[in-house]
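Below is one structure; the comments refer to it alone.
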Amino acid sequence: MAVVATVGRQLKLRREAVGMRAAEFGVAVGYGEDLIYKIEGGKRIPRPEYLDKADEVLGAGGLLSAMKEDVAKVRYPKKVRDLAKMEAKAVELQLYDPLNIHGLLQTPEYARSLLLMRRPAYTQDVVEQGVAARVARKSVFERDPAPELSFVQDEWTLRRPLGGRMVLRRQLEHLLEIGQLRNVEVQVMPMGREEHAGVAGGIEVLKFEDGSAVGRSPGVANGRPVSEPRDLRILELRYGIIRAQALTPRESMAFIEQLLGET
């Protein structure tokens with residue numbers, strides 16, 4: 001990527017201008033020499049904190065830190081950036097993921113485990129990019145005023161020890177923490193239910209302050225984002241029934257605590 005190559009070249013020029021070797025610079029910023037060369041060669045995307053530390057160590061007067069905005073634009077895939085923009089504007093989010101714990105609820109360790117399981121295997125850079133993208137989306141929980149968030153998770157997604165038992169334990173603990181937020185409701189769909197309105201796939205509905213909305217589901221318009229009232233009505237109908245079939249938020253928190261005790 002041209003931006004990453006340019007940033008790497010600027011970092012190298014700055015380092016060489018002050019007469020600092022890569023190994024010495026690595027010690028100063030807390031990164032390995034090999035990673036320094038990869039970043040300067042445009043093979044790795046530098047993290048924001050790396051640019052801040054490099055700016056400080058090299059006395060760049062804010063010029064290197066200023067590159068964070070450009071790097072952020074290429075750090076995350078376009079579809080992730082677009083989704084994050086919509087989530088940042090939504091006043092209400094209704095989210096159901098039947099396959100895994102929803103991306104907004106994932107711990108970095110759980111997200112990394114999922115990405116490492118992809119086949120064909122992702123490169124390490126792509127894995128780290130994916131983890132960073134999911135972590136960045138979590139800013140939706142920090143907004144003020146806070147949006148209303150509703151999640152429904154199938155029980156089996158909470159039982160699979162993806163990444164190992166400790167990763168699952170931390171993930172369940174994180175769900176309990178998120179579930180305590182006043183603007184967040186997490187509900188569990190028990191495996192023993194004989195009726196389930198979510199068999200057509202996951203559902204996302206984002207509502208905005210002006211009354212508009214956008215939704216997506218594999219079972220509607222082949223998974224393409226929709227904003228037509230007819231399509232949105234179908235998604236909201238299904239999501240409403242799923243919520244009614246699932247455990248209540250209070251029951252769900254107790255259920256997750258039970259699962260944590262068994263893990």
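The values are calculated or read from the model by the stated rules, or taken from the named source; none is laboratory data. For clarity, every value in this text was computed on a predicted model and none was experimentally measured. With ideal geometry, Cβ positions are generated from the backbone for all residues, glycine too; neighbour counts draw on all protein chains shown.
The table below gives the values:
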item	result
Filter result for A133 (assigned to a loop (DSSP other than H, G, I, E, B), at pLDDT below 95 and touching a helix residue (DSSP H, G or I) at 6+ places or on another chain (Cβ under 9 Å))	no
Some residue of the stretch 86-108 being of a type in the set (K, R), under 16 Å from R137 (Cβ atoms), assigned by TED's automatic domain parsing to the domain that holds L158 and without any contact (Cβ under 8 Å) to a residue 24 or more places away in the chain	no
Test: residue in the stretch 72-80 that is touching a residue at least 24 places away in the same chain (Cβ under 8 Å) and over 30 Å from G163 (Cα atoms)	no
Unique match (being within 30 Å of R14 (Cα to Cα), in contact with a Phe, Trp or Tyr (Cβ under 9 Å, 6 or more places away or on another chain) and either touching a residue at least 40 places away in the same chain (Cβ under 8 Å) or not hydroxyl-bearing (S, T, Y) (or both)) among A136, A66	A136
Selection count, the stretch 185-228, where residues are charged (D, E, K, R), in contact with a strand residue (DSSP E or B) (Cβ under 8 Å, 6 or more places away or on another chain) and either surrounded by fewer than 16 Cβ atoms within 10 Å (Cβ to Cβ) or over 26 Å from M253 (Cβ atoms) (or both)	3
Any chance S217 is under 21 Å from A146 (Cα atoms) and polar (S, T, N, Q)	no
Test set (1) surrounded by fewer than 20 Cβ atoms within 10 Å (Cβ to Cβ); (2) basic (K, R); (3) more than 23 Å from L260 (Cα to Cα) - R134 fails condition number	(1)
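The rows are residues; the columns are (1) at pLDDT below 90; (2) within 26 Å of G30 (Cβ to Cβ).
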| site | (1), (2) |
| --- | --- |
| G61 | no, yes |
| K73 | yes, yes |
| E92 | no, no |
| L99 | no, no |
